[in-house]
1. Among the candidates B:ALA217, B:ALA232, B:ALA174, B:ALA186, which residue alone is touching a strand residue (DSSP E or B) at 6+ places or on another chain (Cβ under 9 Å) and without any contact (Cβ under 8 Å) to a residue 40 or more places away in the chain?
2. Name every residue in region B:224-253 that is surrounded by fewer than 23 Cβ atoms within 10 Å (Cβ to Cβ), among the hydrophobic types (A, V, I, L, M, F, W, C) and closer than 21 Å to B:ALA142 by Cβ, in order of residue number.
3. What number of residues in region B:74-83 are surrounded by 24 or more Cβ atoms within 10 Å (Cβ to Cβ) and either β-branched (Val, Ile, Thr) or away from chain A (no Cβ under 14 Å) (or both)?
4. Could you list all residues from region B:85-100 that are within 14 Å of chain A (Cβ to nearest Cβ), in a helix (DSSP H, G or I) and either surrounded by 23 or more Cβ atoms within 10 Å (Cβ to Cβ) or touching a residue at least 12 places away in the same chain (Cβ under 8 Å) (or both)?
5. Could you list all residues from region B:1-15 that are at the interface with chain A (Cβ under 7 Å from one of its Cβ atoms) and part of a loop (DSSP other than H, G, I, E, B)?
6. Residues that are out of contact with any strand residue (DSSP E or B) (no Cβ under 9 Å at 6 or more places or on another chain) and touching a residue at least 40 places away in the same chain (Cβ under 8 Å): does region B:121-144 have at least one?
7. If you check every pair at least six apart or on different chains, which have Cβ atoms under 7 Å apart with a residue in region A:29-58 that is more than 18 Å from A:GLU76 (Cβ to Cβ) first and a residue that is of a type in the set (Gly, Ala, Ser) second?
Amino acid sequence: MVTVSMVVNGTKVDKEVEDSLLLAYFLRETLGLTGTHVGCDTTQCGCCVVHLNGISVKSCTVLATQADGASVTTIEGLAHGAELHPVQRAFRECHGLQCGFCTPGMIMAATELIDTHPGPLTEEIVREEMEGNLCRCTGYHNIVKAILVAAEEMRLPGRAAAGD
Amino acid sequence: MYPFTYRRPATLADAQRLFGDAENASFLSGGHTLLPALKMRLAMPSDLIDLAAIPELHGIRFEDGALSIGATTRHAEVAASPVVGERIPALAGLAGSIGDRHVRHRGTIGGSVANNDPAADYPAGVLGLGATIVTSRRQMTADDFFVSLYETALEPGEIVTRIVFPVPAIASYAKFRSAASRYSVAGVFVARTGSTVRVAVTGAGAQGVFRPAELEAALTVDFRPEAIKGCAIDPATLLSDQNASAEYRANLILVLARRAMEKLGTIQSFK
């Protein structure tokens, strides 16, 4: 067992965990943050994407111990109370989800992409950069649309700084 | 996963000492090959020694006319580095073509090279550019370093610290990806430095990454795409698997070599 300390969605947590515990299971089972989904558990589907120090990672392929000392943001950390993050709102408005299983990973990937990509996003860039997130329902069209709509909105001056 | 003890030393000396003290240790870098392997119970290390907190293993510098990339430097950092982009754009492009965005945020050059997956991209760039692999004990040429499938010249406990790339006049990389795994079914890296042309092929060789002598000879005489016509690769030296037969790969290597030559200085990823 080892003690890990990290800041998750703005709250400091200290927990004793097995050395081999994966970050995805630490979030879901130790902290009860079940918005982070485990789809394939083989680093492919992207349902488990969270932000580790502001960078998107597949949390099924990071040990909780590797995240010791880091800041982690999950889907639960994006909205401000009842006010959804612009990417969450755009996914709803553009019908960017059907069953919703991949949606937390999609939204975490999209928010990081919008926050860190230098210059404006295009459909081509979004499709390429979202390759690590699989959706078995939508055919991706409305996901890409939602990300572009949110990116445009978030570029506007004076937007509320949501999430991280 | 089988249980193991996780360690995160802050110095190379501590990492080596921990390795020596452990019953059966593995070094952990980005973990994007090792952790999936542990999940499938393909390995059972007693200790996992994380190299991420050792400062000297990280970062990109240009010194003595060569590009030196620390072993724990992540694919996304190499892809976005202006220093790499200016000196060897094909290498930055190669790094940016690995896996997907999230994988590139974690995977490292040292991990990729030390693992020597027969379908990984970096071995093609490292061998094609004639890079030097610097370890905790010595320096090796890429030709000496890559031995066979998942096999390198690394000894137990030896740690890759940096990869040093000479800057070529021009280089290019073209690969054909498996749509499912995103690994290369074949990838061809071409580099010319002075009058020397090196070609390295990943994803296809039965013994892992290799230099096709016939292609190198043809391109050394005539550095144009047309020079590849008439060249052949022996399928007996290639992999056959669910992605492609050896005969298919033999042809694919020539196609990719031609495409790399047609767009020198670029990176092309087909699927």
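1. On the way: B:ALA232 fails: touching a strand residue (DSSP E or B) at 6+ places or on another chain (Cβ under 9 Å); B:ALA174 fails: without any contact (Cβ under 8 Å) to a residue 40 or more places away in the chain; B:ALA186 fails: without any contact (Cβ under 8 Å) to a residue 40 or more places away in the chain.
Sole residue among the options that is touching a strand residue (DSSP E or B) at 6+ places or on another chain (Cβ under 9 Å) and without any contact (Cβ under 8 Å) to a residue 40 or more places away in the chain: B:ALA217.
2. Of everything in region B:224-253, just one residue is surrounded by fewer than 23 Cβ atoms within 10 Å (Cβ to Cβ), among the hydrophobic types (A, V, I, L, M, F, W, C) and closer than 21 Å to B:ALA142 by Cβ, namely B:LEU239.
3. Here the count works out to 1.
4. Start the filter on region B:85-100 by keeping residues that are within 14 Å of chain A (Cβ to nearest Cβ), which leaves B:85, B:93, B:96-100.
Still in the running and in a helix (DSSP H, G or I): B:85, B:93, B:96.
Those that are within 14 Å of chain A (Cβ to nearest Cβ), in a helix (DSSP H, G or I) and either surrounded by 23 or more Cβ atoms within 10 Å (Cβ to Cβ) or touching a residue at least 12 places away in the same chain (Cβ under 8 Å) (or both): B:GLY93, B:GLY96.
5. We begin by selecting, within region B:1-15, every residue at the interface with chain A (Cβ under 7 Å from one of its Cβ atoms); these are B:1, B:3-6.
Once the filter is applied, which keeps residues that are at the interface with chain A (Cβ under 7 Å from one of its Cβ atoms) and part of a loop (DSSP other than H, G, I, E, B), region B:1-15 yields B:MET1, B:PRO3, B:PHE4.
6. Going through region B:121-144, the residues out of contact with any strand residue (DSSP E or B) (no Cβ under 9 Å at 6 or more places or on another chain) turn out to be B:137-138, B:143.
If we keep only those that are touching a residue at least 40 places away in the same chain (Cβ under 8 Å) too, we end up with B:143.
Yes.
7. Here the result reads A:CYS45/A:GLY39, each pair linking region A:29-58 to a residue that is of a type in the set (Gly, Ala, Ser).
Okay, residues lined up against (1) out of contact with any His (no Cβ under 6 Å at 6 or more places or on another chain); (2) β-branched (Val, Ile, Thr); (3) farther than 15 Å from B:ILE109 by Cβ:
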position: B:ASP14; (1), (2), (3): yes, no, yes
position: B:GLU23; (1), (2), (3): yes, no, yes
position: B:LEU35; (1), (2), (3): yes, no, yes
position: B:LEU51; (1), (2), (3): yes, no, no
position: B:ILE54; (1), (2), (3): yes, yes, no
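Each value in this text was obtained by applying a stated rule to the coordinates, not by laboratory testing. Everything numeric in this text was worked out from a predicted model, so none of it was measured. Every residue, glycine as well, gets a Cβ built from its backbone with ideal geometry; the counts of neighbours run over all protein chains shown.
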